Amino acid sequence: MAHPTQLGFQDAASPVMEELLHFHDHALMIVFLISTLVLYIIVAMVSTKLTNKYILDSQEIEIVWTVLPAVILVLIALPSLRILYLMDEINDPHLTIKAMGHQWYWSYEYTDYEDLGFDSYMIPTQDLIPGQFRLLETDHRMVIPMESPIRVLVSAEDVLHSWAVPSLGVKMDAVPGRLNQTAFIASRPGVFYGQCSEICGANHSFMPIVVEAVPLEHFESWSSLMLQDA
């Protein structure tokens with residue numbers, strides 16, 4: 001999760017998020033080089049009285065500054081489109097979870113099981129135990145098996161919400177009357193935090209999302225225990 005004074009993204013916990021981080025670094029380097037070149041040209045023009053008449057009226061340089069930006073845009077667009085298609089790809093998910101947004105909590109339904117579902121409320125500050133994070137912990141976490149394709153069906157009961165977990169590279173709008181889907185793979189075990197990313201009302205900032213990725217055998221034990229309690 002994010003920590004104080006952090007400037008970059010959270011550590012990637014899924015292959016898609018790793019690709020997004022690489023693309024961010026790729027695009028940022030291009031922007032940095034362009035900014036440096038433009039700054040150098042501005043400083044050079046301001047700090048000297050000399051003028052190059054061949055630069056002021058040159059067919060060759062006009063071709064260069066027309067073609068070069070087009071090439072740079074292609075270098076940015078191609079990896080961007082590749083990641084866009086990767087994010088939309090859903091191949092044979094091992095588990096499907098339906099996430100419903102409410103004012104102001106999330107409910108989860110494991111559709112591959114007959115009666116496995118629960119509501120997930122934020123834990124009030126006064127009920128937190130040492131080590132838990134304020135405004136981020138929930139009474140029930142969405143538990144998933146690691147290294148397995150997970151499909152999440154996202155919708156809402158009342159107003160617009162958005163189911164987002166930055167470490168997993170997932171963000172999907174929850175629209176009443178509409179069923180959206182997204183997919184991810186947790187590449188390592190851990191607890192990953194997110195929040196509703198749509199301004200959905202007075203308690204918008206009090207409906208966090210907690211995804212816990214565990215080994216498959218631990219997930220099977222958890223699901224059996226939840227079904228027994230149900």
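Maximal additional length on extending the T48-S205 stretch stands at 51.1 nm, based on 0.36 nm per residue less the C-alpha distance.
Measuring spread by the Cα atoms of the chain yields a radius of gyration and Dmax of 23.8, 84 Å.
The alpha carbon centroids of the stretch 35-56 and the stretch 104-131 are separated by 60 Å.
Among Y40, Y105, Y193, the residue with the largest mean-square fluctuation in a Gaussian network model of the chain, with springs joining Cα atoms closer than 10 Å, is Y40. Bridges between two residues of the stretch 95-229, per DSSP, are antiparallel at a rate of about 70%. The calculated 222 nm mean residue ellipticity attributable to helices in the chain amounts to -12000 deg cm²/dmol, summing -39500 (n - 2.57) over DSSP H runs of n ≥ 4 and dividing by all residues.
For the stretch 95-229, the solvent-accessible area of protein heavy atoms averages 48 Å² per residue (probe radius 1.4 Å; ligands and nucleic acids excluded). Here the accessible area is traced with a 1.4 Å probe on the protein chains. For the chain, carbon and sulfur cover 61 percent of it.
In the chain, what % of DSSP beta bridges are antiparallel (nearest 5)? Approximately 70 percent, going by the DSSP bridge assignments. Counted by Cβ distance under 11 Å from L153, the other residues give a net charge of +2, where Lys and Arg count +1 and Asp and Glu count -1. For the chain, modelled as a GNM whose springs connect Cα atoms under 10 angstrom apart, the maximal fluctuation among T111, T96, T48 occurs at T48. Considering only trypsin sites (Lys or Arg not before Pro) in DSSP loops that have at most 12 other Cβ atoms within 10 Å, the longest stretch of the chain without any of them is 50-133.
Positive contributions from Lys and Arg (+1) and negative ones from Asp and Glu (-1), summed over other residues with Cβ under 13 Å from the Cβ of S205, come out at 0.
Considering only Cα atoms, the convex hull volume of the stretch 1-134 works out to 211 Å³ per residue.
Against the chain, whose longest principal axis is taken from its Cα atoms, helix 15-47 shows a tilt of about 30°.
Within the same chain, aspartates and glutamates fewer than 8 places from K49 are excluded, and of the rest, those with a Cα less than 19 Å from its Cα are D57.
For the stretch 139-215, the set of GluC sites (Glu not before Pro) satisfying both a DSSP loop assignment and a count of at most 14 other C-beta atoms within 10 Å is given as E147, E157.
Cross-link partners for K98 among the lysines, with Cα-Cα distance under 16 Å and sequence neighbours closer than 8 places in the same chain left out: K171.
The values are calculated or read from the model by the stated rules, or taken from the named source; none is laboratory data. Model, not experiment: these values are computed from the prediction. When we count neighbours, we look across all protein chains shown, and the Cβ atoms used for this are built from the backbone with ideal geometry, even at glycine. We work out accessible area using only protein heavy atoms, side chains counted, and drop any ligands, DNA or RNA first. Shrake-Rupley method; radii C 1.70, N 1.55, O 1.52, S 1.80 Å.
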